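Novice: This is the structure, below, for whatever I ask next.
Readers should treat all values here as calculations from the given coordinates under stated rules, not as data from a laboratory. As the structure is a prediction and not an experimental result, all values here were calculated from the model. Neighbour counts are summed over all protein chains in view; Cβ atoms, including those assigned to glycine, are modelled from backbone coordinates with ideal geometry.
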Amino acid sequence: MNTPAVAAPPRKPRVLVLFGGRSSEHAVSCVTAAGVLQAIDRQKYDVVPVGIARNGQWSLVAADPALWSLRSDTLPEVPASPESVVMGTASGPDAAAGQELLVTAPNSVPRSLGGVDVVLPLLHGPFGEDGTLQGMLEMADIRYVGAGVLASAVGMDKHFMKVVFAGAGLDVGPYEVFTDRQWRGNAAACLERAAALGFPVFVKPARAGSSMGISRVERVEELAAAVELARTFDPKVIVEAGIVGREIEVAVLQGRGTADPRTSLPGEVAVQPGDHEWYDFEAKYVDGGAAELSCPADLPDDVTARVRTLAGQAFDAVGAEGLSRVDFFYTPSGELLINEINTLPGFTPISMYPQMWAKSGLGYTDLIDELIGLALSRNTGLR
Ligand SMILES: Nc1ncnc2c1ncn2[C@@H]1O[C@H](COP(=O)(O)OP(=O)(O)O)[C@@H](O)[C@H]1O
Ligand SMILES: [Mg+2]
């Protein structure tokens with residue numbers, strides 16, 4: 001009789017949970033990390049928390065979720081550290097993992113943290129959600145959760161995003177773009193283009209998030225100041241015609257293998273009238289009661305089906321992978337205009353993306369597991 005060979009227990013996949021970062025959404029990213037560090041299945045994964053300070057330095061940080069939560073008095077922040085985490089080519093037992101993490105400090109020998117199987121980037125905004133980090137990970141041959149370089153870059157840029165969506169046959173609202181050169185060269189011509197959209201308009205940094213730098217402008221005299229504010233976040237500015245409609249969002253999750261992307265039940269964000277006129281930063285993060293998130297959104301069945309189909313099309317239009325949240329305006333005349341795709345959407349347990357999956361039958365811990373599984377099963381490089 002053959003005795004079965006006793007295999008060594010497989011090593012748990014090592015997940016580098018990466019958060020903080022150089023963008024204006026640093027604190028939001030920390031709050032997301034608090035949620036993920038709390039929920040991730042540690043029986044299944046070996047978790048390495050790495051924070052990116054505002055100056056871009058990577059360091060090993062404490063895994064205690066409480067450190068990264070939102071407290072009423074302070075926003076969480078990754079501190080600067082005397083030690084940095086860097087990636088290097090692995091040798092020894094971790095050689096198969098390709099890359100190992102090293103902790104370095106001035107005047108000391110680098111210490112190895114071992115290999116990394118997959119990176120879970122919980123970063124929002126530039127240098128995290130925009131393809132730059134994704135490019136760095138591709139160069140190092142490290143698997144990671146979420147969209148690749150191009151989809152991340154397109155999803156970060158409210159201008160090119162619209163170009164791609166329109167090219168895929170999705171409906172986008174009227175807009176104008178001011179590049180840095182155009183604004184500095186002839187601001188008056190830019191303002192004229194914006195005013196032709198009619199009022200109100202929304203003036204936005206082209207590549208930001210969390211509503212930062214966005215103004216709702218009702219009068220032509222207020223336009224230039226709103227553009228200057230947006231330009232403190234990004235030299236490229238987009239001005240959009242104000243859309244009257246309900247804000248409907250759908251969570252999209254890549255299908256397994258060759259399956260189509262999966263879409264959640266749609267959710268709705270309703271800002272309480274009076275307090276905030278639109279879904280601004282305060283309504284999103286500070287004033288807890290200001291925005292009501294409901295899922296499933298109260299929509300006729302055919303509209304639910306249509307918005308889910310459009311969300312899947314938007315995901316494929318930009319070539320997204322892993323996860324994305326796709327946001328629409330549902331107008332009184334029944335149109336579904338796409339507002340944006342977020343390739344690394346808010347991901348705290350109470351954020352829309354996880355909530356919509358929870359309402360659709362996939363809980364937070366399982367969602368994290370699914371995303372890591374999708375990332376582990378794909379290659380780096382062209383796919
Ligand atoms: N064109 C628009 N018409 C009406 N409301 C808008 C428009 N653009 C943005 N808003 C409001 O501003 C919020 C933030 O804008 P959005 O483009 O989604 O930026 P962010 O990427 O920061 O979330 C939206 O959720 C919505 O409430
Ligand atoms: Mg948005």
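Novice: Taking the Cα centre of the stretch 118-175 as origin, sum charge times position over the Cβ atoms of Lys and Arg (+1) and Asp and Glu (-1), and report the length of that vector in debye to the nearest 20.
Specialist: Numbers: 3 positive and 6 negative charges, 18 e Å.
Result for the stretch 118-175 is approximately 80 debye, rounded to the nearest 20.
Novice: Taking the Cα centre of the chain as origin and charging only Cβ (+1 Lys, Arg; -1 Asp, Glu), how large is the dipole, in debye to the nearest 20? Don't skip to the answer; put the middle values down first.
Specialist: Numbers: 31 positive and 46 negative charges, 215 e Å.
Roughly 1040 debye, rounded to the nearest 20.
Novice: Please give me the summed charge of the neighbours of Phe315: other residues whose Cβ is under 12 Å from its Cβ, Lys and Arg +1, Asp and Glu -1. Write out the running numbers ahead of the final one.
Specialist: Working: positive: Arg262, Arg308, Arg325; negative: Asp260, Asp316, Glu321.
The answer is 0.
Novice: Next up: Please give the calculated 222 nm ellipticity per residue for the chain, where each DSSP H segment of at least 4 residues contributes -39500 (n - 2.57) and the sum is spread over every residue; nearest 500 deg cm²/dmol?
Specialist: Values: 10 runs with 102 residues, N = 383.
Rounded to the nearest 500, it is -8000 deg cm²/dmol.
Novice: Let me ask you something else. For the cross-link pairs Lys162/Lys236; Lys158/Lys359; Lys158/Lys284, which exceed 21 Å when the distance is taken from alpha carbon to alpha carbon?
Specialist: Those over the limit are Lys158/Lys359.
Novice: Nearest 20 debye, what's the magnitude of the dipole of the stretch 33-160 about its Cα centre given +1 on Lys and Arg Cβ and -1 on Asp and Glu Cβ?
Specialist: Numbers: 7 positive and 14 negative charges, 27 e Å.
Taking the Cα centre of the stretch 33-160 as origin, the dipole is about 140 debye.
Novice: If you wrap the stretch 118-187's Cα atoms in a convex hull and average its projection over all directions, what's the area in nm²? All intermediate terms of the calculation are to be shown ahead of the outcome.
Specialist: Numbers: hull surface 25.2 nm².
With the hull built on Cα positions only, its mean projection is 6.3 nm².
Novice: Follow-up. Over what distance in Å are the Cα centres of the stretch 345-372 and the stretch 128-144 separated?
Specialist: 23 Å
Novice: When Tyr279, Tyr353 are ordered from fewest to most other Cβ atoms inside 10 Å of their Cβ, what list results? Mind dumping the intermediate values first?
Specialist: Details: Tyr279 17, Tyr353 25.
Taking fewest neighbouring Cβ atoms as first place, the list is Tyr279, Tyr353.
Novice: Sort the following peptides by mean Cβ neighbour count (other Cβ atoms within 10 Å, averaged over residues), highest first: 124-131, 297-304.
Specialist: Details: 124-131: 24.0, 297-304: 13.2.
Descending mean neighbour count gives 124-131, 297-304.
Novice: OK, next. May I ask which residue of Ser24, Val250, Ile142 lies farthest towards the positive end of the charge dipole of the chain, with charges of +1 (Lys, Arg) and -1 (Asp, Glu) on Cβ and the Cα centre as origin?
Specialist: Ile142
Novice: Ordered by residue, what ³J(HN,Hα) values in Hz, to whole numbers, does the stretch 322-329 give under the Karplus form 6.51 cos²θ - 1.76 cosθ + 1.60, where θ = phi - 60° and Gly and Pro are x?
Specialist: x, 9, 7, 10, 10, 10, 10, 10
Novice: Taking the Cβ of each residue in Arg71, Arg143, Arg246 as the centre, tally the other Cβ atoms inside 10 Å and list the residues starting with the fewest. If you can, show how the numbers build up before the last one.
Specialist: Working: Arg71 8, Arg143 20, Arg246 15.
Arranged by neighbour count, lowest to highest, Arg71, Arg143, Arg246 become Arg71, Arg246, Arg143.
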